[in-house]
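Pasting a structure here, questions to come.
The values are calculated or read from the model by the stated rules, or taken from the named source; none is laboratory data. Being a predicted model, the structure only gives us computed values, none of them experimental. Cβ placement follows ideal geometry from the backbone for every residue including glycine, while neighbour counts extend to all protein chains displayed. Surface accessibility is based on the protein's heavy atoms, side chains included, excluding ligands, DNA and RNA. Shrake-Rupley method; radii C 1.70, N 1.55, O 1.52, S 1.80 Å.
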Amino acid sequence: MLQHFDPNKDYGTPASLSENLVTLEIDGVEISVPEGTSVMRAAALADINIPKLCASDNLDAFGSCRLCAVQIEGRRGLPASCTTPAEQGMKVWTQNDKLAKLRRNIMELYISDHPLDCLTCPANGNCELQDMAGSVGLREVRYGFDGENHLDAPKDTSNPYFTFDASKCIVCSRCVRACSEVQGTFALTIDGRGFDSKVAAGQDEGFLDSECVSCGACVQACPTATLTENSVIEMGQPEHSVVTTCAYCGVGCSFKAEMKGDKLVRMVPYKGGDANHGHSCVKGRFAFGYATHKDRIRAPMIRDSIDQPWKEVSWEEAIGFAAKRLKAIQAEHGRESIGGITSSRCTNEETYLVQKLIRAAFGNNNTDTCARVCHSPTGYGLKQTLGESAGTQTFDSVMKADCVLVIGANPTDAHPVFGSLLRRRLREGASLIVADPRHIDLLDTPHLGDATHLPLRPGSNVAMVNALAHVIVTEGLEDTGFIAKRCEDDAYAKWRAFIQDPRHAPEAVEEVTGVAADKVREAARTYAKAPNAAIYYGLGVTEHSQGSTTVMGIANLALATGNIGRDGVGVNPLRGQNNVQGSCDMGSFPHELPGYQHVADPVARGRFEAAWGVEIDHEPGLRIPNMFDAAIAGHFRALYVQGEDIAQSDPNTQHVEQALRSLDCLIVQDIFLNETAKFAHVLLPGSTFLEKNGTFTNAERRINRVRKVMPPIAGKEDWEVTVALANALDYPMNYAHPSEIMDEIAQLTPSFAGVSYDKLEQQGSLQWPCNDEHPVGSPIMHVESFPIGKAHFAITEFVPTTERANRRFPLLLTTGRILSQYNVGAQTRRTDNQVWHDEDVLEIHPHDAEERGINDNDWLGISSRAGHTVLRARISERMQPGVVYTTFHHPHSGANVITTDNSDWATNCPEYKVTAVQVEKVSQPSDWQKNFHDNHQRQHKFLHEAKPAAE
Amino acid sequence: MAYRVYVPSDTTAKALGADRLAASIDALAHEMGDPLEIRRNGTRALYWLEPLIEVDTPEGRYGFGPVKERDLESLFAVEFWKGEVDHPLALGLVEEIPYLKRQQRLTFARAGVIDPLSLDDYKAHGGYRGLDNALALEPQVIVDAVKESGLRGRGGAAFPTGIKWQTVLNAPADQKYIVCNADEGDSGTFADRLVMECDPFMLIEGMTIAGLAVGATQGYIYLRSEYPLAQKNLNAAIETAYANNLLGENILGSGQRFDLEVRLGAGAYICGEETSLLESLEGKRGLVRAKPPLPAIVGLFGKPTVVNNVLSLAAVPFILDRGAKAYADCGMGRSRGTLPFQLAGNVKQGGLVELAFGPTLRELMFEFGGGTRNGRALRAVQVGGPLGAYLPESQWDTPLDYEAFAKIGAVLGHGGVVMFDDTVDMGEQARFSMEFCVAESCGKCTPCRIGSTRGVEVIDRIRAGENVEGNLELLSDLCETMVDGSLCAMGGMTPFPVQSAMKHFGEDFVKHTSDAQALAEEA
């Protein structure tokens, strides 16, 4: 029988995946459930709710509270229904006098060691202990309250987001189990035994100082007020909730935004979310305070020059001002002199509208997106080889993988919820191969089985991937059946001849990669021999001069071993931002219309021209770096930037700043005065994901709904601003709701043809392609064939980057991210996540530090060909000697002052991951940092002067 | 030819000065030109006679005991090594001492007879014949033999060992384990220790046979850390076994593999509960697991695992050597074979008494134990460890049989028998049961974790005369809650001694009040 799954109900124990059904009778109700289902869950599916406290359907049955006891015909005693599997023909009773007495007496024991302050307790109204006391009819506690107890146990308030009140703890271990089973961090344990048992974080050192990563799984699991969000303690219980999608990383977690009116009380991961299944990380779960931060831009502002104070104006005036300038510039400098940048943080609908605005109203293809600087090589590389610019799997697919190869990604920091899922699979025994210059946390996964680290030198990805392929081919580990059936013959033959050349052998490239050949050979065998092997990669692959080559090399690996087209395998780019996939899908690139349809393709272009009523340029427009160069050269004069902070995130900051200063009109639409806005003439207030409707597409091509839970702070959702600008430019746009924009997208984009808001409501989410062929989407791609028919092996010659260590710059700098901060930090820096990372530091190996007389916390000057900045030192063995590492979450760090203009040969994705640098001890900030500081002060003063004088 | 003298070497004998005694005998013998060869046997476990010195004679081994340092002069004077001499400590032929003679020592046949660490001794006394036989048998045949022997789990639960083995044999897996529960923690018990200290090869042989029977290639002995001598002897015996191809990858050239390791516990009683033991063995906190799944299917590291008590595994070599029938021929009803009882507490003749099931508790306590040590009237006896019921005289004629004991709400458990004279305060003993649970509860399930603490408090209130009637009802409710609601036997059986004390010795609870009647009604 088909069972209805209600994500708002807790069924007590996880679902069984068995296909065999057993039929049992519970309180006279017959129900069939998959073999292995607990009696508790079977009952819940029949709407019979057995009392419980320690059970929760995201945790394995534990059997500690004993409230869920039932009576089973022919069985001795009163077994716990959570730990008893349903069996064929079983007869179960969940209510009788004996059970009632037992439950009441157990509850009496619980309450004999629990405060009686229900009315003033933060969990009042949302407390399972309270509910159960009510359910079992507890009327008195005969033990009294002067026995031994924990009522004076101290509170731990060290974590900024939640409080641990030990006096309320019932030792159900749900928090401990959630930390282990769901999050995989194992930060929590029960300390002591018997009556002295208590929850302890780390070595009983408090939550903040322990290994706790503040994912919130424990808080969510707690059935009492023991672990409670501080926001709930302050504001009380929410009164309604709305399901929406997180706006942080590319995992795309679904959350219930729990509200009091238009005030957000807390974000609770939504069990019905297909990407996260009710799990979360510290960012999505807790770091939403930026949305109501005092720094939010609350009104449109304009100014004639960036050396002037801002002037707060009406929307009409601001839009009018912008339109007038754009028209004037085009009139004077030509149609090609303006352009725009779409945002991977905005919705699909918003991104679609911005590129439409550029193509239809600006009349050119000068549109690009921040994916340029992160995953553009993915788009290119996967399109060339597999025929589609997207990852091939669902996240859940990893649970079927036997070997996981992670290249240039750090999932436990950058994609934490996927990281937890991956760790779960690793605990189950899948083997792990990590190719990364750094020792990432994944390698320290508790209960990890076989794991290999290939600590390659930055810039040697292609050599490494080729070496792996070389071993597969020369040791006869290919899946010849798959290749013959699914891959194009000529390309394969050429590739095979290429890759088996001895110059690709692990021994031959050992000097380049720095990794011992036998380790590489072993890794290749592990990957090739696993029944299901999956590759996950991140920006450590793409952000290189040969980013696209590595992506193609990765696709080659998967093709050669037949690891495409089913669960547990595939090529999986881990997308950095919430809507990187979506912004690429929506035609943000200068050469592609929505759905990766080339502007030069007359048929596709014709469809858009017909629908939009304009002629579309058949020549690709400018990419972001071209825009900068053209701006400096003087023929690119105006730029509309929605929700991207190019001044902080793009490489070679001084070059970017020069370009921005050269513009006659910079229109920035953002929620804060970001670094780019400091160079802007028009500042249009953006809206956060909480303030608008739309969709995001995550790294697994999953289109998730974003739902408005509060009004936009400045009155307009981002898409409405673009609409207003288009209309002011005399290109009419009329949409009453983002659903209408999606309808237009569906009509023009074959892979989105079947997508609509109605269907999203019904299905929860949809993975594209979603069309007549795949009416409810496509979890796994390339099952039967590739969009290009047969897959195409690509030749991937290793060409070393020109960015090499030399005597002047002897170290290689590589950059990355940290769990608590997100990207340029504009959001997370305005939350309590600052507790964990309030400045970017330079991680340096003890050997390199020793050579330079560097100690922890010393100020270090870092110089490259591009620039110079100063950061504090952190001595760490996570890197190999010769490699230093930093993050770029804080603008004053100037991490991108050092990074260079080098970029991917195919897509111009910057080479963030390799910069030759020298490091030395210094005593003061760099000149750039001093200038940054002065400009920061000045621009904020301009902002404060924007408000009309009080009447 | 030198005369051979045996000085016992188990922990009890050592505690009573056996090592010093051995050294002194050696020194004295040396003075007189070495006519004595001193051998260290285990112990016969007739503790009131320890240290029990034995000498070899053509008629058999003669005994002297209990021997103190000061007795050596007179023993040497009568040339005790000749055996039948006139001395106040002379016991005659050891095998003829009625306490020993009347036992059916199947498992403990070699205890005190052989040098525990001598493989030759072990083999000379029938050791490794069971393994020899087992190596020639199909696994199912071995399992069938254990089933036919009627052997039941000697740790206390009395689950049929053969059925457990069958479950593990039937469970398909790439790895299976044999785990020996040597966390002997019941008050008044020492039989496991004696096996490991006095006849360690027997346990190794039993575990090896178990491995062959179910297809397990790795065994672990989970040993309580309070048994350092057992650890030493086991490790020495394991080393010898490896050196003689009795353990390892090719047992006696058969191509069969079995590896064995000793792992130490850390002092938690609950780790004697099999699932807690497995958690502990895996390096985790000793927390009880819910069953199902049974350890036989999902056991150590998630693999099918036989978890058996020392005595269960120690009985296996006999069964495979002498046949299932020889073992099953002993006993009564569904309790087949023998159970090594351990007499302790206020008892005149403490020690190990291995008996076929059947005699009464009274016979055990009086005909073997000889009544109380101080001669006072015996009032109560606790059988089966700290979770066993207290039995009043009216129940002492119950036969020593699992079912007969179950019928009166008692257990035989691991065979520990702790005796109390008429000065015992049973209210205090009941309180102690709860207190023991407070100290040893793993803390996982609520009835045990909170209930035991509340149990102590309620008993204190009753004993202080506070609202006796109400508190007795509450105590009775609490016991019911713990029995019905606890996750494992620890919480589930803690009420047994309490309830039995309330029922049979109610006057002790209310002696400070006049409310004895209320108690009788509640109980």
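Taking amide hydrogens as modeled 1.01 Å from N in the peptide plane, which residues meet the under 5 Å criterion relative to residue A:860, leaving out close sequence neighbours?
A:871, A:872, A:873, A:922
I've got another one for you. Working out 0.36 nm times the residue gap between residue A:501 and residue A:234, then minus their Cα-Cα distance, what length gain in nm do you get to one decimal?
Working: separation 267, 0.36 × 267 = 96.12 nm, distance 6.65 nm.
Net length gain for the segment: 89.5 nm.
Across 10 Å bins from 0, what is the distribution of all Cα-Cα pair distances for segment B:119-328, in whole percents?
9, 39, 39, 12, 0
I need the semi-axes of the equivalent ellipsoid of segment B:6-82: take the C-alpha gyration tensor, multiply each eigenvalue by 5, square-root it, list largest first in whole angstrom.
They are 18, 14, 11 Å, listed largest first.
What number, in percent, do you get for the relative contact order of segment A:498-631 if the mean sequence gap of Cα pairs under 8 Å and at least 6 apart is divided by its residue count?
Numbers: 112 pairs, mean separation 19.1, N = 134.
Answer for segment A:498-631 is 14 percent.
Compute the relative contact order of chain A as a whole-number percentage, counting only Cα pairs closer than 8 Å that sit 6 or more residues apart in sequence. Before the final figure, lay out the partial values.
Numbers: 2229 pairs, mean separation 121.7, N = 951.
Averaging sequence separation for qualifying contacts and normalising by length gives 13 percent for chain A.
Write out the trypsin sites (Lys or Arg not before Pro) in segment A:704-773 meeting two conditions: DSSP loop, and at most 16 other Cβ atoms within 10 Å of their Cβ.
A:707
Where the accessible area of segment B:119-328 is counted over protein heavy atoms with a 1.4 Å probe, how much of it, in %, is carbon and sulfur? Mind dumping the intermediate values first?
On the way: 3540 of 7100 Å².
Of all accessible area on segment B:119-328, carbon and sulfur atoms account for 50 percent.
Next question. Rounded to the nearest 10 degrees, what's the angle between the helix A:97-111 long axis and the longest principal axis of chain A, both from Cα atoms, 0 to 90?
Roughly 60 degrees, rounded to the nearest 10.
Select from A:178, A:61, A:114 the residue farthest towards the positive end of the dipole of segment A:49-202; place +1 on Cβ of Lys and Arg, -1 on Cβ of Asp and Glu, and compute about the Cα centre.
A:61
Taking a cut-off of 19 Å between Cα atoms, list the lysines near residue A:155, but don't count ones fewer than 8 places away on the same chain.
A:168, A:198
In whole percent, and with a 1.4 Å probe on the protein chains, what portion of the accessible area of chain A is carbon and sulfur? Can you show the working numbers first?
Numbers: 15930 of 32940 Å².
Of the solvent-accessible surface of chain A, carbon and sulfur hold 48 percent.
Mind jotting down a quarter of the surface of the convex hull over the alpha carbons of segment A:811-937, in square nanometres, one decimal?
On the way: hull surface 33.3 nm².
Its average projected convex-hull area is 8.3 nm².
Would any residue of segment A:583-626 have its amide N under 18 Å from a label point 7 Å out along Cα→Cβ of residue A:773? List them or say none.
Within reach of a label on residue A:773, which here means backbone N under 18 Å from a point 7 Å along Cα→Cβ, segment A:583-626 contributes A:595-598, A:604.
By DSSP, what percent of the beta bridges with both residues in chain B are antiparallel, rounded to the nearest 5?
Values: 29 of 56 bridges.
Of the beta bridges lying entirely in chain B, close to 50 percent run antiparallel.
Quote the convex hull volume per residue of the protein assembly as shown, based on C-alpha atoms, as a whole number of Å³.
Values: hull volume 311.2 nm³, N = 1474.
About 211 Å³ per residue, rounded to a whole number.
Here's a follow-up. Compute the semi-axes of the equivalent ellipsoid of segment A:466-594, taking the square root of 5 times each eigenvalue of the Cα gyration tensor, and list them largest first in whole Å. Intermediate values should be presented prior to the final figure.
Details: eigenvalues 143, 67, 45 Å².
After diagonalising the Cα gyration tensor, the semi-axes are 27, 18, 15 Å.
A further question on this structure: Under the 0.36 nm per residue contour assumption, what length would be gained going from the current alpha-carbon distance of residue A:797 and residue A:935 to full extension?
Extra length available between residue A:797 and residue A:935 comes to 45.2 nm.
Please determine, in degrees from 0 to 90 and to the nearest 10, the orientation of helix A:315-333 with respect to the longest principal axis defined by the Cα atoms of chain A, where the helix direction is its Cα long axis.
Roughly 30 degrees between the two axes.
Moving to a separate point now. Considering the dipole of segment B:331-421 built from charges on the beta carbon (Lys and Arg +1, Asp and Glu -1) around the Cα centre, which of B:335, B:382, B:404 is farthest to its positive end?
Checking the options against the dipole of segment B:331-421, the answer is B:382.
Once B and A are treated as a pair rather than alone, how much accessible area drops out, both sides summed, in Å² to 100, probe 1.4 Å? Spell out each step's value before the answer.
Values: alone 20070 and 34350 Å², together 51560 Å².
Accessible area lost upon association: around 2900 Å².
Count, for each residue of B:436-445, the Cβ atoms from other chains sitting within 10 Å of its Cβ, then give me the mean as a whole number.
Values: counts 0, 2, 4, 4, 2, 5, 5, 12, 13, 9.
Per residue, the number of nearby Cβ atoms from other chains is 6 on average.
For n ≥ 4 DSSP H runs only, could you compute -39500 (n - 2.57) per run for chain B, divide by its residues and tell me the 222 nm figure to the nearest 500? Provide the component values of the computation, followed by the final result.
On the way: 21 runs with 207 residues, N = 523.
Result for chain B, helices only: -11500 deg cm²/dmol.
If you don't mind, there's one more thing I want to ask. Mind listing P(r) for segment B:174-236? All alpha-carbon pairs, 10 Å bins, whole percents.
In order of increasing distance, the bins hold 22, 50, 25, 3 percent.
Assuming R0 = 25 Å, what is the FRET efficiency of residue A:20 and residue B:163, from their Cβ-Cβ distance, to the nearest 0.05?
On the way: r = 25 Å, r/R0 = 1.01.
Using R0 = 25 Å, I get an efficiency of 0.50.
Related question: Provide the FRET efficiency to the nearest 0.05 for the residue A:529-residue B:226 pair, computing r from the beta carbons and using R0 = 45 Å.
Numbers: r = 48 Å, r/R0 = 1.07.
After rounding, the FRET efficiency stands at 0.40.
Counting only DSSP beta bridges with both residues in the protein assembly as shown, tell me the antiparallel percent, nearest 5.
Values: 89 of 161 bridges.
Antiparallel bridges make up about 55 percent of those DSSP assigns within the protein assembly as shown.
Report the charge-dipole magnitude of segment B:3-101 in Debye, nearest 20, computed about the Cα centre from +1 at each Lys and Arg Cβ and -1 at each Asp and Glu Cβ.
Details: 11 positive and 18 negative charges, 70 e Å.
Dipole size: approximately 340 debye.
Still on this structure: Keeping every protein chain present and rolling a 1.4 Å probe, give me the accessible area per residue for chain A in Å².
35
For residue B:175 paired with residue B:34, estimate the spin-label separation in nm (one decimal), with each label point 7 Å from Cα along the Cα-to-Cβ line.
5.1
Something else: If r is the Cβ-Cβ distance from residue A:399 to residue A:511 and R0 is 51 Å, what FRET efficiency results, to the nearest 0.05?
In this case the efficiency is close to 0.85.
In addition: Just give the residues from segment A:54-94 buried by at least 50 square angstrom of accessible area in the all-chains context relative to the isolated chain, probe 1.4 Å, and say none if nothing qualifies.
Hits at the 50 Å² cut-off: A:62, A:66, A:83.
What length, rounded to one decimal in nm, is gained on full extension from residue A:852 through to residue A:262, with 0.36 nm per residue of separation minus their alpha-carbon distance?
Full extension from residue A:852 to residue A:262 adds 206.9 nm.
Further, regarding this structure: How big is segment B:206-257 on each of its three principal axes, counting only the C-alpha atoms and giving the largest first in Å?
Sorted largest first, the three principal extents are 36, 23, 13 Å.
Using just the helices of chain A, give the 222 nm mean residue ellipticity in deg cm²/dmol: DSSP H runs with n ≥ 4 each add -39,500 (n - 2.57), and the total is spread over all residues, rounded to 500. Let's see the in-between values first.
Values: 30 runs with 274 residues, N = 951.
Per the formula, -8000 deg cm²/dmol.
Of A:261, A:871, B:351, which is farthest towards the positive pole of the protein assembly as shown's charge dipole, taken about the Cα centre with +1 and -1 on the beta-carbons of Lys, Arg and Asp, Glu respectively?
It is A:261, whose Cα lies furthest towards the positive end.
Ok, one more. By a straight-distance test (C-alpha under 17 Å), which aspartates and glutamates pair with residue A:311 as possible cross-link partners, with residues fewer than eight away in the same chain excluded?
Partners found: A:295, A:670, A:945, A:951.
Which whole-Hz ³J(HN,Hα) couplings does segment A:254-270 yield from phi under the Karplus relation 6.51 cos²θ - 1.76 cosθ + 1.60, θ = phi - 60°, glycine and proline marked x?
The phi angles translate into 8, 10, 9, 7, 9, 10, 10, x, 9, 9, 7, 8, 7, 10, 10, x, 9 Hz.
Further, regarding this structure: In square nanometres and to one decimal, what's the mean projected area of the convex hull around the Cα atoms of segment B:331-421? Intermediate values should be presented prior to the final figure.
Numbers: hull surface 19.2 nm².
Averaging across all directions leaves 4.8 nm² for the Cα convex hull.
In debye to the nearest 20, how big a dipole does chain A give about its Cα centre with +1 on each Lys and Arg Cβ and -1 on each Asp and Glu Cβ? Don't skip to the end; give the middle numbers.
Numbers: 90 positive and 121 negative charges, 59 e Å.
Here chain A has a charge dipole of around 280 debye.
Could I ask something else about it? Tally Lys and Arg at +1 and Asp and Glu at -1 over the other residues with C-beta under 15 Å from the C-beta of residue A:680: what net charge comes out?
Local charge sum for residue A:680: -2.
How large is the Kirkwood hydrodynamic radius of segment A:732-839, counting all unique pairs of alpha carbons, in Å? Kindly include the intermediate steps, with their values, before the conclusion.
Values: mean 1/r = 0.0513 Å⁻¹.
Kirkwood hydrodynamic radius for segment A:732-839: 19.5 Å.
Once amide H atoms are placed 1.01 Å from N in the peptide plane, what residues at a sequence separation of 5 or more from residue B:92, or on another chain, have their amide H within under 5 Å of its amide H?
Amide H to amide H, under 5 Å and 5 or more residues apart or across chains, residue B:92 pairs with B:63.
While we're here: Determine the alpha carbon to alpha carbon distance for each of B:82/B:123; A:294/A:708; B:291/B:444; A:271/A:400 and list only those over 24 Å.
Numbers: B:82/B:123 27 Å; A:294/A:708 20 Å; B:291/B:444 14 Å; A:271/A:400 21 Å.
Listed pairs above 24 Å: B:82/B:123.
Please report the Cα spread of segment A:191-243 along all three principal axes, rounded to whole Å, starting with the longest.
39, 25, 21
For residue B:348, go through the lysines and keep the ones whose alpha-carbon is under 21 Å away, minus same-chain ones fewer than eight residues off.
Excluding near neighbours in sequence, the set is B:14, B:68, B:101.
Counting only Cα, what are the radius of gyration and maximum Cα-Cα distance Dmax of segment B:1-156, in Å?
18.4, 59
Sticking with this one: Antiparallel as a % of all DSSP beta bridges within segment A:811-937, to the nearest 5?
Values: 15 of 24 bridges.
Roughly 60 percent of the DSSP beta bridges within segment A:811-937 come out antiparallel.
Which angle between 0 and 90 degrees, to the nearest 10, do you get for helix A:624-633 versus the longest principal axis of chain A when only C-alpha atoms count?
Approximately 30 degrees, to the nearest 10.
Now a separate question. How many nm is it between the label spots at residue A:73 and residue A:609, if each spot is 7 Å from the Cα in line with the beta carbon?
Computed distance between label sites residue A:73 and residue A:609 equals 7.6 nm.
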